[in-house]
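Chemist: Handing you this structure, nothing more for now.
The values are calculated or read from the model by the stated rules, or taken from the named source; none is laboratory data. Quick caveat, the model's predicted, so the values are computed rather than measured. Cβ sites come from the backbone with ideal geometry, for glycine too, and all protein chains shown count toward neighbours. The area values use the complete protein model at the heavy-atom level, side chains included, leaving out ligands, DNA and RNA. Shrake-Rupley method; radii C 1.70, N 1.55, O 1.52, S 1.80 Å.
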Amino acid sequence: MRILVTGGAGFIGSHLCERLLRDGHDVVCLDNFFTGSKDNIRHLLDDHRFELVRHDVTEPILLEVDRIYNLACPASPIHYQYNPVKTIKTSVLGAVHMLGLAKRVRARLLQASTSEVYGDPLQHPQTESYWGNVNPIGIRSCYDEGKRVAETLMMDYHRQNGVDVRIVRIFNTFGPRMAENDGRVVSNFILQALRGEDLTVYGDGSQTRSFCYVDDLVEGLIRMMDTDGFTGPVNLGNVAEHSIGEFAERIVALTGSRSRIVFRPLPPDDPTQRQPDISLAAARLGWRPVVDLDTGLRRTVEYFAGRLGRRRG
Ligand code: NAD
Ligand code: UDP
């Protein structure tokens, strides 16, 4: 099959492109390199089945493809808040353009949505039937509401035009090729520990997240794309819930760092808890994460250590 991955030069996108090539597909990777990088896909450029298109999804495009994974969108709070108007345009116009393309060439389209559609959730853990608790005018809204509208567009094109859509709500995912400067907790803590700097816990560290290793997530995305007659939305994430304070201690222990843990103010609208209910993914896709947190973290530490080492030397 010929498969388009928007945001293919990003963290998750690059792993997805790699896996799709390994599965024997032709892959078109589309990216504007806002948060993605050629470094992430350089090793794929020599493969004749891999094509790179520099394009911005806020503009329309026509390509002949069978399937589309729509991942283009900055994902970390620092990046999506850098130009919030552009972020919401990327989600909304990007969805409109990919839906238009899918409709025209009759491609199946998978939308990368997010646990952020649940906002600061009042239901715990979050099931797909929960409608969320999102602030429509806060600093995270450009991302949260953009992704919510993208979901709405998916379902409206599906009902109105019969477009074959899939919606996946991704929970915190980590692994090699996360951007170093994205300010997310996994990359921040690992880099701080490797550099011997203080680990910055925001708030008192009691807020929780669950972390899914990227290979597990990619497996879930592919299973969802390959499942007939199921639009979702479906949650994909790891159910093991960790407080950010405990997570900081884990990173210090894992890296053998002498860094101290310090506390900084909590950013506004920071969700206090987040944990997916993945029983729907288990029932419909036969999916569950298999990489345990420490194994995933060791691979990620190795990746960042390699990058720091190359720079030093
Ligand atoms: P990322 O920032 O590494 O990847 C996003 C990619 O999209 C980058 O390569 C970027 O250059 C590209 N991009 C951004 N705006 C674009 C535009 N207008 N046109 C074309 N390309 C554009 O982030 P990621 O973590 O790989 O996230 C991928 C997708 O998964 C995103 O849609 C994100 O919202 C979703 N997601 C990620 C997580 C996570 O924990 N990483 C959680 C929930 C949802
Ligand atoms: N966080 C932290 N220190 C950091 C970066 C993040 O304590 O250096 C916290 C952040 O406030 C949030 C959690 O870690 O409560 C996860 O943040 P991230 O940006 O990784 O993801 P998101 O908030 O989108 O889940």
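Chemist: Starting from the Cα gyration tensor of the range 1-68, take the square roots of the eigenvalues, sort them a ≥ b ≥ c, and report rounded, prolate or oblate (rounded when a/c is under 1.5, otherwise prolate if a/b is larger than b/c, else oblate). It would help to have the intermediate numbers written out before the result.
Modeler: Values: a/c = 1.76, a/b = 1.10, b/c = 1.61.
The shape class here is oblate.
Chemist: Excluding residues fewer than 8 places away in the same chain, name every one of the lysines whose C-alpha is closer than 19 Å to that of LYS89.
Modeler: Of all the lysines, those that pass the test against LYS89 - Cα under 19 Å, at least 8 places apart if same chain - are LYS147.
Chemist: I've got another one for you. Using Cα springs under 10 Å in a Gaussian network model of the chain, which residue among PRO74, PRO84, PRO276 shows the largest mean-square fluctuation?
Modeler: Result: PRO84 has the largest fluctuation of those listed.
Chemist: Name the long-range amide H neighbours of CYS212: under 5 Å, sequence gap of 5 or more, or other chain; modelled H, no Pro or chain starts.
Modeler: THR173, PHE174, ASN238
Chemist: Could I ask something else about it? Apply the Karplus parameterisation 6.51 cos²θ - 1.76 cosθ + 1.60, with θ equal to phi minus 60°, to every residue of the range 265-276 and state each ³J(HN,Hα) to the nearest whole Hz, in sequence, with x for glycine and proline.
Modeler: Couplings: x, 6, x, x, 6, 6, x, 7, 8, 7, 7, x Hz.
Chemist: Could you report the chain's accessible area per residue, 1.4 Å probe, as an integer in Å²?
Modeler: Details: 13620 Å² over 313 residues.
Here the per-residue accessible area is 44 Å².
Chemist: Can you send over the carbon and sulfur percentage of the accessible area for the range 233-305, probe radius 1.4 Å, protein chains only? Please list the in-between numbers first.
Modeler: Values: 1870 of 3640 Å².
Carbon and sulfur: 51 percent of the exposed surface of the range 233-305.
Chemist: Oh, and also: Cut-off 10 angstrom, C-alpha nodes, Gaussian network model of the chain. Which of ILE78, ILE12, ILE190 fluctuates the most?
Modeler: Highest fluctuation of the listed residues: ILE78.
Chemist: Within the set of other residues whose C-beta is less than 12 Å from the C-beta of VAL165, count the net charge using Lys and Arg as +1 and Asp and Glu as -1. Don't skip to the end; give the middle numbers.
Modeler: Values: positive: ARG67, LYS103, ARG108, ARG159, ARG166; negative: GLU151, ASP156, ASP164.
Local net charge: +2.
Chemist: Next question. Roughly what % antiparallel, to the nearest 5, for the DSSP beta bridges in the chain?
Modeler: On the way: 3 of 38 bridges.
Percentage antiparallel, nearest 5: 10.
Chemist: So what's the angle, to the nearest 10 degrees on a 0 to 90 scale, between helix 11-22 and the longest Cα principal axis of the chain?
Modeler: 60 degrees
Chemist: Could you work out which residue, out of THR295, THR90, THR255, moves most in a Gaussian network model of the chain, that is, has the largest mean-square fluctuation with Cα springs under 10 Å?
Modeler: Most flexible of the set in this elastic network: THR295.
Chemist: Quick one: what are the phi-derived ³J(HN,Hα) couplings along the range 43-48, Karplus 6.51/-1.76/1.60 with θ = phi - 60°, whole Hz, x for glycine and proline?
Modeler: 5, 9, 5, 7, 7, 5
Chemist: Quick one: with all protein chains in place, what share of the accessible area of the range 111-188 is carbon or sulfur, to the nearest percent (1.4 Å probe)?
Modeler: Of the solvent-accessible surface of the range 111-188, carbon and sulfur hold 51 percent.
Chemist: Enumerate the aspartates and glutamates that LYS38 could reach by cross-link, defined here as Cα to Cα under 18 Å, with residues fewer than 8 away along the same chain left out.
Modeler: Here the aspartates and glutamates satisfying the reach criterion relative to LYS38 are GLU18, ASP46, ASP47, GLU51, ASP56, GLU180, ASP182.
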